[in-house]
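What follows is a short report on a single structure.
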Amino acid sequence: MAGVVFFSVSMSLDGFIAPESPDELMGQQWMELQKWVFRQRFFRENLQLGEGGEEGRDNDIVRETFERTGASVMGKRMFDAGERAWPEAPPFHTPVFVVTHERRGPWERQGGTTFHFVDNGIESALDRARAAAGDRDVRIAGGAETIVQYLDAGLVDEFHIALSPVLFGRGVRLFGGVDAGRVALDLVSAEPSPQTTHLRYAVRRR
């Protein structure tokens, strides 16, 4: 279990990663936030959005994020939204561990994705994800509340933010409610592209 725990998200300039309501997903603001990634060839192929797409550094980053991930963890809110939106072959192609309060058997989908529902805490979900990932990394897929829970618990090693040139004004803040007194960050890199700016940070405890 040599891999690291990370998250990778697109964020607006004012700190939001999603609209307030799941019904607003795929709306204008969210599409502007994610515009850079929807244009990439690897993302389009993985989500079965058709042929074509851009190649270059943005595309490489999307592919590298996918290839390093051996298992994912997500919260129930993100799963509920994705359950309605993902295709028959969801874009993970690995085990996904859903942090929830309800008991449910594994849900196997096409393309190698199986959702496992964990009702005994974030640490248990991460332990199972680490075991499933082997020597690859574990991605905390979201949403924001789940990411903050793992940050506060000192369980995130690093993260990547694609900072998009868009303002939300309201919505789901990435770091809303984080215990800033327990989390310290070191900037690893800042890499601009024509459509976004890729920021990478290492996480340590204060």
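Summary of values
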quantity: Dipole of the stretch 1-117 [Lys/Arg +1, Asp/Glu -1 at C-beta], most positive-end residue of H93, A18, W36; calculated: H93
quantity: Scattering curve values for the stretch 84-161, log₁₀ I(q)/I(0), Debye with Cα scatterers, q = 0.11, 0.20, 0.25, 0.26 Å⁻¹; calculated: -0.29, -0.98, -1.41, -1.46
quantity: Sites R206 and R68, calculated FRET efficiency, Cβ-Cβ separation with R0 22 Å, nearest 0.05; calculated: 0.25
quantity: Relative counts (whole %) of C-alpha pair distances in the stretch 32-191, using bins that are 5 Å wide; calculated: 1, 8, 15, 20, 22, 18, 11, 4, 1, 0
quantity: Measure of compaction for the stretch 138-206 (Cα Rg per 2.2 N^0.38 Å); calculated: 1.15
quantity: Residues of the stretch 99-206: accessible area per residue with a 1.4 Å probe, Å²; calculated: 52
quantity: Inter-centroid distance (Cα atoms) of the stretch 112-162 relative to the stretch 1-43, Å; calculated: 17
quantity: Residue-normalised accessible area of the stretch 1-77, given per residue in Å² at a 1.4 Å probe; calculated: 49
quantity: Percent carbon-and-sulfur accessible area, the stretch 58-107, ignoring ligands, DNA and RNA, probe 1.4 Å; calculated: 51
quantity: Estimated FRET transfer efficiency when R0 is 30 angstrom, pair A89-D14 (beta carbons, to 0.05); calculated: 0.30
quantity: Förster radius 41 Å - calculated FRET efficiency between D157 and K35, Cβ distance, rounded to 0.05; calculated: 0.90
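The values are calculated or read from the model by the stated rules, or taken from the named source; none is laboratory data. Quantities reported herein were computed from a predicted structural model and do not represent experimental measurements. Positions of Cβ are backbone-derived with ideal geometry, glycine not excepted, and every protein chain shown enters the neighbour counts. When the accessible area is computed, the model is the full protein with side chains, heavy atoms only, and any ligands, DNA or RNA have been set aside. Shrake-Rupley method; radii C 1.70, N 1.55, O 1.52, S 1.80 Å.
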